[in-house]
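Quick notes on the structure that follows.
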Amino acid sequence: MTAGTPAAIKALVAQSRERSRRRGIDPERVDPPVDLQGVELSAHLAGHPMAAVLPVVEKILVAGVVDSGHLVAVADVDGRLLWLYGDRGVRTRAERMAFVPGALWSDDAVGANAPGLAIRHDVPVRVRGEEHFLAPAHSWSCSAAPVHDPLTGRVIGGIDVTGTDSAASAEMLALVRATALLAEAELRSTPTGGVRRLEALGTLRPTLAGLGPLTRRHAEILVLLSAYPQGLSGGALAELLAAGRLDEVSIRAEMSRLRRVLGPDVIGSRPYRLSPGVLETDAAHVAGLVDSDVAAAVAAYPGPLLPGSDAPGVVDLREELHARVRAAALAAGSAQALRNWVAGPGREDPDGWRVLGSLPGLSAAATSSARSVYRVLDDRLGA
């Protein structure tokens, strides 16, 4: 039998049901395991390669099928649901059988279902009603297709449509498979997974990889949205950009201009938020290093975040990051970290030179030089 044909899919479903019986899975269970929630789920989403295919999924599938009462799900290679799109009422119904982000819908965990079988057998699959092993899923039908890493060819996840009988039609299966192929093409065209890096530290000309320089306002917005991954309302964003001086109409106009620069799928609305996996900032990179590799964090920190910005939210982020890097450098007891600090943003920090000059193991010349600079800076500040 050819993989993906109705006969082949029927055989896969039958084999899955037999496996589930042997494994002792209760077909009446209504609580598939939800093994990732909260912060752990957020961290898994942020670092997952499937985040890079979300713009394609949203443009092709979500825009086309959600209004007809279907759900669109994106899963990882373990069959764990990562992102779920759909109307609130349909999602509420699905929650009753734990069809939610973080839940395991692998074939091993819950028996026959489209995303679980598609990922297990690396083939597009559709499952109708009572073909599902779990009784609570009998009122649902679904079509799913695997997504492959363009470099290794291995399955990295799956895309699924779940809903009424039409969710398991030949046309829906073809649409889901086409979306998966387009997602793989997107991954091939952006080897880094589509992630763009914003360089905003120590520069008056922030730049975005692949696009070049940005306006200060656009850089401010991206920095703030990166710092608030849960999203910001128009009013909250206005306050962070210019307390009491911007209204939501101005914010909408600015976001429209920014979308014309970045593309329509990078920033979502209500609230404004970055699509997962599309942007990283040099500031976030440094913040992630501070607690694990101080010397590397200081070396990667050329100076304050957007030093020309007076946006209140950016000022707070700038001061917080600068204070964290400085404190880590002074407390690390590492000559390399301190050298990086005083050679860069801490060149006029007397405490940095003082601590460096007191470290054991430095040459006499290095100790004398550090202490001399400390005295000059200390006298200057005391003058």
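What follows draws every value from the coordinates through simple rules; no lab data is involved. Predicted model, so just to flag it, every value in this text is computed and none were measured. No Cβ is skipped: glycine too gets one built from the backbone with ideal geometry, and neighbour counts run over all protein chains shown.
Numerical summary
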read-out: Principal-axis tilt of helix 364-382 within the chain, Cα atoms, nearest 10 degrees; value: 80 degrees
read-out: Within the chain, percent of DSSP bridges classed antiparallel, to nearest 5; value: 90 percent
read-out: Rg ratio (alpha-carbon, reference 2.2 N^0.38 Å) - the stretch 62-119; value: 1.09
read-out: Charge dipole (the stretch 105-196, unit charges on Cβ, about Cα centre) - positive-most of Ala168, Trp140, Val123; value: Val123
read-out: Long-range amide H partners of Leu82 with built H, under 5 Å; value: Val74, Ala75, Asp76, Gly102
read-out: Where the Cα pairs of the stretch 6-189 fall when distances are cut into 5 Å bins, in %; value: 1, 9, 19, 24, 22, 15, 8, 2, 0
read-out: ³J(HN,Hα) computed for each position of the stretch 37-45 - Karplus, 6.51 cos²θ - 1.76 cosθ + 1.60, integer Hz, glycine/proline x; value: 9, x, 4, 5, 5, 4, 5, 5, 5
read-out: For the stretch 195-345, the fraction of alpha-carbon pairs in successive 5 Å shells from zero, as %; value: 2, 10, 19, 21, 19, 13, 8, 5, 3, 1, 0
read-out: Total charge dipole magnitude, the chain, about the Cα centre, Cβ charges on Lys, Arg, Asp, Glu only, Debye to nearest 20; value: 460 debye
read-out: Nearest 10 degrees, 0 to 90: helix 170-189 Cα axis against the chain principal axis; value: 20 degrees
read-out: Read-out Rg and Dmax of the Cα atoms in Å, derived from the coordinates shown; its label in (1) 21.1, 75; (2) 26.1, 87; (3) 22.1, 67; value: (2)
read-out: With at most 13 other Cβ atoms within 10 Å, longest stretch of the chain clear of loop GluC sites (Glu not before Pro) (DSSP); value: 29-347
read-out: Sequence-distant residues sharing a close amide H with His148 (under 5 Å, placed H); value: Ile156
read-out: Relative contact order (percent, whole number), the chain, Cα cutoff 8 Å, 6+ residue spacing; value: 12 percent
read-out: Charge-dipole axis of the chain as Lys and Arg at +1 and Asp and Glu at -1 on Cβ define it, positive-most pick from Leu81, Ala98, Ala109; value: Leu81
read-out: Calculated from backbone phi, Karplus (6.51, -1.76, 1.60) coupling profile of the stretch 93-100 in Hz, x at Gly/Pro; value: 4, 5, 4, 5, 10, 6, 8, 9
read-out: For the stretch 6-189, size of Cβ-based charge dipole, Lys and Arg +1, Asp and Glu -1, in debye; value: 320 debye
read-out: Sorted by Cβ neighbour density within 10 Å, fewest at the top, the residues Leu224, Leu41; value: Leu41, Leu224
read-out: Whole-angstrom gap from the stretch 45-81 to the stretch 280-325, using each part's C-alpha centre; value: 32 Å
read-out: Per-residue ³J(HN,Hα) for the stretch 288-304, Karplus 6.51 cos²θ - 1.76 cosθ + 1.60, θ = phi - 60°, Hz, x for Gly and Pro; value: x, 8, 3, 8, 10, 8, 4, 4, 5, 4, 5, 5, 8, 10, x, x, x
read-out: Cut-off 15 Å between beta-carbons: net charge of the residues surrounding Val34, Lys and Arg +1, Asp and Glu -1; value: -2
